Amino acid sequence: MPASSVDPRTRHIALIGNFLPRQCGIATYTTDTYYALTDRFPGMQVDVYAMNDRPQGYDYPPQVTGTIAQDDRMAYLAAARDIEKSGAQAIWLQHEYGIFGGPAGEHILALLDRVSVPVIVTLHTVLETPNDDQRRVMDGLLKRAAKVVVMAEIGREILVRVYGANPKSILMIAHGVPERELVDPDSMKARFGWQGRKVLLTFGLLAPNKGIESVIAAMPDVVATNPNALYVVLGATHPNLVAHEGEAYRGRLKALAYDKGVAEHVRFIDGFVETEELLDYLQAADLYVTPYTNPAQITSGTLSYAVGVGKAVVSTPYVHATEILADDHGVLVGFGDVEAFAREISRLLGDDAARRSLMERAYARGRTMIWPRLAEAGMAAIDGIVAAHPRRIKASNQPVFLTPSIAAVERMSDATGMFQHAILSVPDRRHGYCIDDNVRALMLMTAIDELDEDVRDKWMTVYAAFVQYAWNPDVRRFRNFMNFDRTWCEDQGSEDSNGRTLWALGVTAKRATAAKHRDWALRLFDETASIAFDLVSPRAQAFAMLGAAAILGAHPRHQLACNILERFANDLLALLDEARRPEWEWFEIVLAYDNARLPEALIRAGMALNRDDLLQAGLSTLDWIVAQQTSPEGRFRAIGTESFGRAYESPLPFDQQPLEAQATIDACAAAFKATGDAKWQAEADRAYRWYLGQNDLDLPLATAQDGGCFDGLMPHGLNRNQGAESILALQLASCAISALGKAAGTVAGSSRAVA
């Protein structure tokens, strides 16, 4: 068959499934699909990602690009990164519940959620009555897949009726079969020592649901009319059954044949045979028998192969059999109907003409199912989804920023303070308040230039009162979490919350427009800032340093602020010396949240203390973290929460939080102030565009009309809740990018986003 040209959109795909030499039907199917694609479309690159169900893996051929450890969720994420880096334009997934890790194989969703290319999924099982986990996984597949492939029309009907799938997304592509000539079985029998025998064959992994007992029970009647009949049961015992009971099931079948007096007419061949050898077995058989007991079985590769080589088939009426054998292309008998099996097998073995006619009809149907036809149908679907895949938002060269707004901040606040969380845009009072968000809100009130002073005074007083009330002099710490009824949840908050509070006090003491608020903040800073020396978390220390640097901006001789900067700046340098490697210019061996605050603290300390060593360390580490936060397309990619705690590992893309973009903008603003280098303004602008939709999912997080911001960029889309941290991150970022533009003298040429 001549090769076909491929649309340039689809020159490279990733194929995920089991793969030979792993011994199972999915491995055979995926392997055959691979060779069908590469034979039919030789100009296309097909990367195979094979599932491993054992630590030692398998001796895979070079066609396998990578492997995925079945039960290791991180292996799925690593495979997703490899696929993204490879340039593959689409993924073709072979799905079966038993081959992926997690409840009902949910780990595969983690992979699919972390790739940007379109996905087509071949469903080898479609359950009409799934359990909760199976339903959740199938719903996830249907949500992520641009197209799903079923191998029987009933699969389409179940997907629509049970799962609410879009009928337009479902394709019916029959199970592929090899190309073989239609031959006389007698010409092949000598190879297996079957000369002079009438052979009926069942092939597949041995398990109770195969119904082999029914055929063995029918053999006495078959032998009575066909004394030379031989029933061959070909296949290894299913690995799960072996693990549970060894070969006891095979022993019971042999005992049944002995009890029925047909032991000489039933032969068991224990082993997994390669495709070519299997086809030889099939061609040597006179009849193929599938006595399966599960009516809902939608796919049977062995039945497809039997039809493909032109076998006369006697089968129970499970779903796949009723479709493929319809219109007199095979014979159907009832489930467990021993008498019917005996009657139909005996009839066909005894009537050469009828058997030959049935073989020819089956072979003609098989010609529509050969592997090249499957490859063509699959590629037609992939070409379609690649062509329809949305293109990236084109980046503008003009700076864009949103006018800072406190509308969403006010929505999330009451007379006590700012609520932590929201359900969509509605405050969720169940989670009450925290000092982290209230000190951020306090800083925002000092950062917005164009704000009615009465409004500013009102909310600064509310947030300042929250901070004042949070101070617990008995333990000399700030509390953090407060219930909606204004009761505290603890006597002291986390190190981060205490460091962040010192930061806000320093900023308020420097930037508040009203002297009363500046005086209050300086007084509380002086009273509480010595707690900084008890902080051991690098980020908590960095927060305290930012507060101290702000204090020095207003009070250059403030000794406590100087001591905080000197102490923690030196500590950060020591951490950097200990953790850095040639490829790892960072303070810790792992990445976490609010990363850019660490270099920002060093940069601001370097400026405040006139220490070039601090400034250079801050700039080099900021340059490094900015590189880690850059996607292959050159966009800002916030360090995702999945990246936390992975020693010396490159970051993972999700879940991305608004806090990271804000921290990067602030750090770049500090670097610009220190150096005047325009690259830092460009990096800040790139980070700000993340809020506006220039990100991995091309989805804006900012809701410009009301000043809101969604809580994160998840693999599957947006976290559409709008909590305090996210709203404040956007508004503080808007203030910072505006101030940076003014400092760089570029605001006059900038364009504003339309609300």
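The table below gives the values:
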{"item": "Relative contact order for the range 365-515, counting Cα pairs under 8 Å that sit 6 or more residues apart, in percent", "result": "19"}
{"item": "R0 of 30 Å, Cβ-Cβ distance Glu247-Arg191: FRET efficiency to nearest 0.05", "result": "0.70"}
{"item": "Lysines whose Cα lies under 25 Å from that of Lys679, excluding same-chain neighbours fewer than 8 positions away", "result": "Lys394, Lys742"}
{"item": "Segment Thr403-Arg557, length gained on full extension (0.36 nm per residue, minus Cα span)", "result": "51.9 nm"}
{"item": "Karplus-derived HN-Hα couplings along the range 169-182 (A = 6.51, B = -1.76, C = 1.60, θ = phi - 60°), whole Hz, x at Gly and Pro", "result": "8, 9, 10, 9, 10, 4, 3, x, 9, x, 8, 9, 6, 7"}
{"item": "Ranked by how many other beta carbons lie within 10 Å on average, peptides 227-235, 51-59 from highest", "result": "227-235, 51-59"}
{"item": "Förster-model FRET efficiency, 51 Å R0, Ala353 and Asp71, C-beta, rounded to 0.05", "result": "0.40"}
{"item": "Shape category assigned to the range 19-158 from the gyration tensor of Cα positions, a/c cut at 1.5", "result": "rounded"}
{"item": "Cut-off under 5 Å, modelled amide H: who pairs with Val121 long-range", "result": "Leu93, Lys147, Val148, Val149"}
{"item": "Solvent-accessible heavy-atom area per residue, rounded to whole Å², over the range 557-652 at 1.4 Å", "result": "41"}
{"item": "Of all accessible heavy-atom area on the chain, the percent that carbon and sulfur account for (1.4 Å)", "result": "51"}
{"item": "Long-range amide H partners of Val48 with built H, under 5 Å", "result": "Leu15, Thr65, Gly66"}
{"item": "Angle between the chain longest axis and helix 658-675 axis [Cα atoms, degrees, rounded to 10]", "result": "50"}
{"item": "Label selected from [x] 109, 54, 46; [y] 99, 85, 59; [z] 96, 70, 61, the criterion being Cα extents along the principal axes in Å as computed here", "result": "[x]"}
{"item": "The range 395-468 and the range 515-585: distance between their alpha carbon centers, rounded to Å", "result": "24"}
{"item": "Using alpha-carbon coordinates, inclination of helix 371-388 to the longest axis of the chain, degrees", "result": "20"}
{"item": "³J(HN,Hα) computed for each position of the range 16-21 - Karplus, 6.51 cos²θ - 1.76 cosθ + 1.60, integer Hz, glycine/proline x", "result": "10, x, 6, 8, 4, x"}
{"item": "Taking the chain and dividing mean pair separation by its residue count, relative contact order in percent (alpha carbons under 8 Å, at least six apart)", "result": "9"}
{"item": "Alpha-carbon centroid distance for the pair the range 287-346 / the range 15-35, whole angstrom", "result": "24"}
{"item": "All lysines inside 24 Å of Lys147 as judged from Cα atoms, apart from same-chain residues fewer than 8 positions distant", "result": "Lys85, Lys168"}
{"item": "Accessible area per residue in Å² at 1.4 Å probe, computed on the range 263-371", "result": "34"}
{"item": "Average accessible area per residue (Å²) across the range 82-124 - probe 1.4 Å, nucleic acids and ligands excluded", "result": "24"}
{"item": "Calculated [θ] (222 nm, deg cm²/dmol) that DSSP helices of n ≥ 4 give over the chain, each run adding -39,500 (n - 2.57)", "result": "-15000 deg cm²/dmol"}
{"item": "For the range 53-66, Karplus couplings with θ = phi - 60° (6.51, -1.76, 1.60), whole Hz, Gly/Pro x", "result": "9, 8, x, 7, x, 9, 7, 6, x, x, 5, 7, 6, x"}
{"item": "Efficiency of FRET between Lys254 and Leu182 - r from beta-carbon atoms, R0 45 angstrom, step 0.05", "result": "0.85"}
{"item": "Computed over the range 621-680: relative contact order in percent, which uses C-alpha pairs under 8 Å that are six or more apart", "result": "25"}
{"item": "Whichever aspartates and glutamates have a C-alpha closer than 13 Å to that of Lys254, once near sequence neighbours (fewer than 8 apart) are set aside", "result": "Glu213, Glu264, Asp270"}
{"item": "Amide H contacts of Ile370 (H built 1.01 Å from N, under 5 Å, at least 5 apart or other chain)", "result": "Val177"}
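The values are calculated or read from the model by the stated rules, or taken from the named source; none is laboratory data. For clarity, every value in this text was computed on a predicted model and none was experimentally measured. Positions of Cβ are generated from backbone atoms using ideal geometry, with glycine treated the same way; all protein chains shown enter the neighbour counts. Each accessible area value is taken on the protein alone, full model and side chains, heavy atoms only, with ligands, DNA and RNA left out. Shrake-Rupley method; radii C 1.70, N 1.55, O 1.52, S 1.80 Å.
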